[in-house]
Amino acid sequence: MIIAFRNLRKNVTFSVINISGLAVGLTCFILLALWVQHELSYDSFYDNSDRLYIAYSRDNHNGNISCWSQTSSLMAPALQAGYPEIKATTRFSAHNTALLKWKDKTLIQSGATVDPGFLTMFGFSLLSGDYRTALNDPYSIILTEQTAQAAPLSWISMNKWLTNYSYRISLSGWVFVWAGFIIITIALLTISIQAIKAAVANPVKSLRNT
């Protein structure tokens with residue numbers, strides 16, 4: 001070890017270059033290995049991962065080839081009708097703000113629009129209902145457990161309570177979001193203040209007072 005350190009000190013410039021090059025090479029190798037591992041494990045947690053494929057659009061514009069994972073809405077039924085090897089297809093369209101309505105009650109939630117084969121292709125299970133027929137109705141909807149338990153219950157109950165008054169305004173779901181945010185903020189501030197007081201307090205004085 002001593003001889004090695006002496007050699008490093010004797011040739012500082014070359015030592016820095018060699019060590020830096022080795023560090024950069026190892027870093028690049030690790031990053032490439034992680035990237036390859038990520039690509040090979042992409043969507044591998046699905047039961048039918050070896051049979052799932054995604055359709056891409058490809059365009060050659062002035063010699064520049066571009067690919068993106070968006071296709072025409074007619075692509076899925078056309079592929080399934082033209083290729084008997086394809087057992088099922090589904091289209092997926094995400095919505096950051098989707099308006100849900102039941103009678104005169106409305107609720108804005110994020111979600112997605114899919115085809116009936118979505119649940120069977122990806123092997124998603126449901127807490128209630130049959131996943132094989134849950135999306136057969138074009139107007140059917142699947143709610144997450146959190147959405148089903150939290151937002152609709154409090155929002156609908158408050159709206160029903162307000163309908164007993166002659167003069168009222170519509171109650172938005174954002175009221176509960178802001179109320180929860182304010183409660184969490186106050187709780188964090190209170191805990192932070194108490195933690196700071198405990199950190200700066202003199203333990204000797206605390207023991208004397210007790």
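The values are calculated or read from the model by the stated rules, or taken from the named source; none is laboratory data. Values in this document were obtained by computation on a predicted structure and should not be read as measured data. Glycine also receives a Cβ, built like all others from the backbone with ideal geometry; neighbour counts cover every protein chain displayed. Protein only, heavy atoms only, side chains kept; ligands, DNA and RNA dropped before computing areas. Shrake-Rupley method; radii C 1.70, N 1.55, O 1.52, S 1.80 Å.
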If amide hydrogens are placed 1.01 Å from N in the peptide plane, which non-local residues have theirs closer than 5 Å to the one on Ala98? Gln109, Ser110, Gly111
If the cut-off is 17 Å between C-alpha atoms, which aspartates and glutamates fall inside it for Lys87, apart from same-chain ones fewer than 8 positions away? Asp47, Asp50, Asp115
Here, Trp174 and Ser15, labelled 7 Å along Cα→Cβ, have an inter-label distance in nm of 6.3
Please list Phe181, Phe122 in order of solvent-accessible area, largest first, computed with a 1.4 Å probe with all protein chains present. Phe181, Phe122
Given Cβ charges of +1 for Lys and Arg and -1 for Asp and Glu, the option among Leu32, Ala98, Thr13 whose Cα lies farthest towards the positive end of the dipole of the stretch 1-147 is Thr13
Would you list Tyr83, Tyr131, Tyr53 from the most to the least accessible area, probe 1.4 Å? Tyr53, Tyr83, Tyr131
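Per 0.36 nm of contour for each residue apart, how much would the distance between Ala88 and Ile182 grow if the chain were fully extended, relative to their Cα-Cα spacing?
On the way: separation 94, 0.36 × 94 = 33.84 nm, distance 4.66 nm.
Net length gain for the segment: 29.2 nm.
Evaluate E = 1/(1 + (r/R0)^6) for Asp43 and Thr190, where r is the Cβ-Cβ distance and R0 equals 30 Å; express this FRET efficiency to the nearest 0.05. Don't skip to the answer; put the middle values down first.
Details: r = 44 Å, r/R0 = 1.45.
Plugging the Cβ-Cβ distance into 1/(1 + (r/R0)^6) gives 0.10.
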Heavy-atom accessible area with a 1.4 angstrom probe orders Thr113, Thr106, most exposed first, as Thr113, Thr106
Rounded to the nearest Å, the spacing of the alpha-carbon centers of the stretch 110-139 and the stretch 28-50 is 27
